[in-house]
Each structure stands twice: as structure tokens, then as C-alpha cells.
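The values are calculated or read from the model by the stated rules, or taken from the named source; none is laboratory data. Since the structure is predicted, the reported quantities are computational estimates derived from the model, not experimental observations. Glycine also receives a Cβ, built like all others from the backbone with ideal geometry; neighbour counts cover every protein chain displayed. Accessible surface is based on the protein model in full, side chains and every heavy atom, while ligands, DNA and RNA are left aside. Shrake-Rupley method; radii C 1.70, N 1.55, O 1.52, S 1.80 Å.
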Amino acid sequence: MAKIIVITSGKGGVGKTTTSASIGTGLAIKGHKTAIIDFDVGLRNLDLIMGCERRVVYDFVNVINGDATLKQALIKDKRTEKLFILPASQTRDKDALTREGVEKVLNDLAEDFDFIICDSPAGIEAGALMAMYFADEAIVVTNPEVSSVRDSDRILGILQSKSRRAEVGNEPVKEHLLLTRYSPERVIAGEMLSVADVEDILAIPLLGVVPESQAVLKASNQGQPVILDDKTHAGQAYADAVSRLLGNDVQHRFLEVEKKGFFNRVIGGR
Amino acid sequence: MTDLCFQLKGSVLTTVVLELHHFNEVDFRRQLEQKIEQAPQLLQQSPIVFDLAKYVGDPADIDPVALVQLCRELSLQPLGFRSCPALNEAIRNSGLAVLPASSGRGTPFAEGSSSTNSAGASRTARESEAGSGKQQAARVPSKLVTQPVRSGQQIYARDSDLVIMSQVSEGAEVLADGNIHVYGGLRGRALAGVQGDMTARIFCHSLEAELLSVAGNFVLSGDVAEQLWKKPVQARLKDDRLCIEPL
């Protein structure tokens, strides 16, 4: 029976799709058969970030409407064994997703897969609600910035009340905090909220901290999840997060200002 | 020997007293409608007694019939008039009672906002008589919340206190007819005594609230003294002003 994890945030542009791609890839690398579903109907991005935009034939809405089978729509990732992507439709809008349709797709996937990652759109409307409805766990992606934190708080409230688990009265959705675009230098300068500040406001367990990194933009444009760029701090941070998600106790890295060695300071860059 | 048709008994009645200061139909109607909106049950279920002791101007200018008619249109129940001997004739003609001057004290009733009364506003005062016929409500258990109250959520404890054993996030609202206890950081808005209980209080472990209000008298975060911010405090009404004191 697959575990359904929704990657949500409330605020847009904080790193949900980036995270979905990397966490999905990380889980597959560790040997778990994983599917990543793009719930952002009309504004699909997951296919671009995963580098499979030219192989999209059928999409999520096609499967719900019965125009195609799940097998036909799922795109097998070329780099990572056991990783599959279900892209969103670009020509429709969010009303094309129905609860029954989504439930059926998730149930069908659950038979074969270990993990289903739901990449949620931004906001608190139908698209985001649909992505989180069936979730067992949620990774709330947050930037250390006041509006992102407030929106994440809002999303947490909605998760508590509007998920299937909440409605039926099962154990609540397990919440994780993933802090992205973190910069220890700016925290020390007092310009940015610290990990402790965000944890204080949101009060959910910290899954990981992904430092601000130029590697993320590069990875997006290359269509490669940043976790595969394992020399970079961002990639390593995602790998740590996947490890923690699987239950391992991994110490948090990249929270302190890095002491640059002589050569690094002369040559610069990361 | 015929059966007794009636028996006379003494009784004490709780009423709302409407102290009239000025009367022009448009302003009076508007202001009265506002007050009714704020506390509909109170004003529409209690009988109303007009007190003209503080009327500015000549009471003889008042037309009791028109006044009563207006109030009845707004579903109020005018009972009688007092403190206006000049009008006794007109009052009796209107069908209402001329009541003796009050000897009890009237307690000011909670206003809808803490802003100063605009000129011409009529204040509603509630008479609290010793041994009044007010029923003692059965005890309603406090509403207990153990999870953080998240931004956008609203929790209302009707007829009771509200106890929150976690934080209240910015953008959340917690309301209670009674007291509010927040055993955590209070970052949102807290409104206690929302039905008019002026003895209600708000307690919290860390004051970071956007707004605190007791029975409609509110204080914004900007008005809170620096030394009280993020400290354990209680907020309560003292002489119609909301005071915040360290715990």
C-alpha cells in the first residue's frame, strides 16, 4: 500500500516542484518505486523540472476522463530506475480534476508503488485542496520569509480540517517542515528568519533545510532534479531530507555560515 | 362565592433603560439600528423604559407616540417613560405607562467599540436590581483546544470560557463569551466577553497579539507597552478601558 505525500506550501514559488522532483528522485534512488503527480492543471511545471516535457503524450486529466490508461500516461524517468511521472494537463483547468477521478488514480497507483508524491499548486483553492485531500503525509515547503510562513500556517490549518483523514477521523496527516532558500549569512545579519523562528511559528517537525543555491536554477533549466547534483549543498540537503523522511536520524547541515578557505575566497563561487 | 379572577403580587423586572439625550428621527433610528445589530437578543427581548432625565432641550418637544412607533418598527418593546412630568398626559395618550423615578443605580452597558461616543448618541443602561429575576445559567464546560490555532481559523466558545493549550497563529481569531486562556503564544486576535460580559479576561503566556478585546473594548498591538510584549499577561476591563497587566 503506497504512502501518499503531498508537497504543499500555500505561497507560490517557494520550491514545491523543485522539492517534489528531488524528493521523488531520492526515494526512487533508495529503491522505492515512486510516482510523482503534477496537480497544477493548466500551469504544469513538473515535466520541465524532470526533463521529460517532450515525452508527454497523455496526462492526468486524460486518465481521469478515461481517454488513456495510467500505464499510457505515466512517463518513466530516464535517469532513475523506479521513478515515474504523471504530468498535468496544460490545456484544461483545475475543475477538470474530480475527487472520484483522483481517488481512482491514486488507488490504482497504490497497488504498484511504494510512494506517491503529489506536487500541489500554490494557493488554497480547489487545486491545492485536491492535491492534499488524500495525503498521508505532508511536506510544507516554506521560505524563511514572513509571507511564506504565514501562508504555510494557513495551509497547515487547512490540512488539519480539510483532508480525508480529518473528515473521517483517522490519524491526522503527518506534517513536515522543509525550509528552502535558507541563507545563514542573512540570518546572522538579521535580514532573514532563522530556523528557530520558523519552527516557533509553525510548530511542526523540521524535515530539512535547503540552502539558497545557484544549483537550483541550473538544475531547473537543465531539466534535472537538483538532488542528482550531489556536489552542491542543495543537492546534499535534499538527500538528507529523503533520509529523514525514511526514518533515519540525520544531523542538519548547512545551518551555519561556512568558513571559506583561502582558495575559495580568492576564486569565489560555490 | 365566585372564583378569584386574579391575584396581585409584587415582582421585580429587569429592563433596559434608554436614556434619551437628543431626538431627531433619522439619527436616532440609525443609531438604534446599530445597537440592535450589536446585541439583538438583549434589546429585542427586554422591555424598554425611556428615561428623559438627561434630555438636552425641552422634553415637551418629544412626541411619545412617534418615538414608540419607531421603536416598535425595530421590534423593540417599549414599556413606559419616566422622569418627564411635563409629558405625562401625552405618554398616557400613547398607551404607555408613566413610571416612577428610579432609585436603583444603572450600570453602563458595554458599547460596541471603544471609540468615544459621538454627540447625540443615546446610551443604553441596564438596571441591575438586587434579587432580579435573572436566571442562573447551568454551567457550560469550557471549550478546550489542544492543537495550535492556525492562520485563518476561527474558534468561538459560546456561553463559556476558551482554553487553548498551544499557540494562536497570526491571522487566527479566538472568541469566547467568557474568558480566554492561551497557554502559548497569542499572535492572532482574541475577543473575550463577546456577548457583553465586562468581567471577562484574556490570559496568555506570550503577548504578541494583533488585537485584544473584552466586551467590545479593544486594544491593538501597536498600543501595547513595549515591556509587556511577549510576556505573560492578562487583559481586563477597568472603568471601560482595557488594561493589560503582567501575570
> Label points 7 Å out from Cα along the Cβ direction at A:Leu48 and B:Arg241: separation in nm?
Replying inline: 5.8 nm
>> Out of all DSSP beta bridges in the range A:1-117, what portion is antiparallel? Express it as a percent rounded to 5.
In response: 15 percent
>> I need the calculated FRET efficiency for the pair A:Ala126 and B:Glu37, taking r as the beta carbon distance and R₀ as 45 Å, to the nearest 0.05.
In response: 0.85
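Per residue of B:155-164, count partner chain C-beta atoms within 10 Å of its C-beta, then hand back the mean as an integer.
Working: counts 0, 0, 0, 0, 0, 0, 0, 0, 0, 0.
Mean partner shielding for this stretch: 0.
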> Rg/Rh for chain A: what does it come to with C-alpha atoms and Rh from Kirkwood?
Replying inline: 0.97
> Kirkwood hydrodynamic radius (Cα pairs, Å) of the protein assembly as shown?
Replying inline: 27.6 Å
>> Please list log₁₀ I(q)/I(0) at q = 0.19 Å⁻¹ for the range A:181-269, using the Debye equation with identical point scatterers on the alpha-carbon positions.
In response: -1.02
>> How large are Rg and Dmax for the range A:123-225 when calculated on the C-alpha trace, in angstrom?
In response: 15.2, 46
> What are the aspartates and glutamates whose alpha-carbon lies under 13 Å from the alpha-carbon of A:Lys260, with same-chain residues fewer than 8 places away excluded?
Replying inline: A:Glu185
> Considering only DSSP beta bridges with both partners in the protein assembly as shown, what is the antiparallel share in %, to the nearest 5?
Replying inline: 25 percent
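First select every other residue whose beta carbon is under 10 angstrom from the beta carbon of A:Val14; then total the charges, Lys and Arg +1, Asp and Glu -1.
Net of charged neighbours comes to +1.
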> Roughly what would the spin-label model give for A:Lys260 and B:His21, points 7 Å off Cα along C-beta, in nm?
Replying inline: 6.9 nm
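For a protection proxy built on the mean count of beta-carbon atoms within 10 angstrom, sort A:63-71, B:148-156 highest first, please. Mind showing how you got there, number by number?
Working: A:63-71: 15.1, B:148-156: 20.7.
The packing order, highest mean first, is B:148-156, A:63-71.
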> When you take every Cα atom in the range A:1-143, what is the radius of gyration, and what is Dmax, the widest Cα pair distance, in Å?
Replying inline: 13.3, 39
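Once you list every other residue whose beta carbon is under 9 Å from the beta carbon of A:Gly42, what net charge do they have if Lys and Arg are +1 and Asp and Glu are -1? Display every interim value, and only then the final one.
Numbers: positive: A:Arg44, A:Arg92, A:Lys94; negative: A:Asp40, A:Asp93.
Once positives and negatives cancel, what remains is +1.
How high is the FRET efficiency from B:Gln147 to B:Asp63, r the C-beta distance, R0 56 Å, rounded to 0.05? Provide the component values of the computation, followed by the final result.
Numbers: r = 58 Å, r/R0 = 1.03.
It comes to 0.45.
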> Which value, in debye to the nearest 20, gives the size of the charge dipole of chain A about its Cα centre, when Lys and Arg are +1 and Asp and Glu are -1 at the Cβ?
Replying inline: 740 debye
>> I'd like the accessible area for A:Thr80, computed on protein heavy atoms only with a 1.4 Å probe and all protein chains in place. Round to 10 Å², please.
In response: 10 Å²
> How far is helix A:16-29 tilted off the main Cα axis of chain A, in degrees rounded to 10, range 0 to 90?
Replying inline: 80 degrees
> What dipole magnitude, in Debye to the nearest 20, does the range A:24-79 give about its Cα centre under +1 on Lys/Arg Cβ and -1 on Asp/Glu Cβ?
Replying inline: 400 debye
> Per q in 0.14 1/Å, what log10 I(q)/I(0) does a Debye calculation on the alpha-carbon atoms of the range A:1-44 return?
Replying inline: -0.36
>> Nearest 10 degrees is fine. How inclined is helix A:233-245 to the longest principal axis of chain A, computing both from alpha carbons?
In response: 60 degrees
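Determine the shape class of the range B:1-93: with a ≥ b ≥ c the square roots of the Cα gyration tensor eigenvalues, call it rounded for a/c under 1.5, and otherwise prolate if a/b is greater than b/c, oblate otherwise. Write out the running numbers ahead of the final one.
Details: a/c = 2.32, a/b = 1.47, b/c = 1.58.
Oblate is the answer for the range B:1-93, as a/c is 1.5 or above yet b/c matches or exceeds a/b.
Using the crude model of +1 on Lys and Arg Cβ and -1 on Asp and Glu Cβ, and no other charge, please compute the dipole size for the range B:179-247 relative to its Cα centre, in debye to 20. Present the calculation step by step, with values, prior to reporting the outcome.
Numbers: 8 positive and 8 negative charges, 34 e Å.
Once rounded to the nearest 20, the dipole reads 160 debye.
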> With respect to the cross-link table entries A:Lys30/A:Lys174; A:Lys94/A:Lys174; A:Lys76/A:Lys259; A:Lys78/A:Lys162; A:Lys231/B:Lys230; A:Lys174/A:Lys259, which display a Cα-Cα separation exceeding 31 Å?
Replying inline: A:Lys76/A:Lys259; A:Lys78/A:Lys162; A:Lys231/B:Lys230; A:Lys174/A:Lys259
>> Give me the inter-chain shielding for B:167-173: mean count of other chain Cβ atoms within 10 Å, whole number please.
In response: 4
> Using the Cβ atoms and a cut-off under 13 Å, what net charge is assigned to the surroundings of A:Met1, where Lys and Arg are +1 and Asp and Glu are -1?
Replying inline: -3
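Averaged across B:141-154, how many Cβ atoms of other chains sit within 10 Å of each residue's Cβ atom?
Numbers: counts 0, 0, 0, 0, 0, 0, 5, 8, 2, 13, 12, 11, 7, 0.
Across the residues of B:141-154, the mean count of other-chain Cβ atoms within 10 Å is 4.
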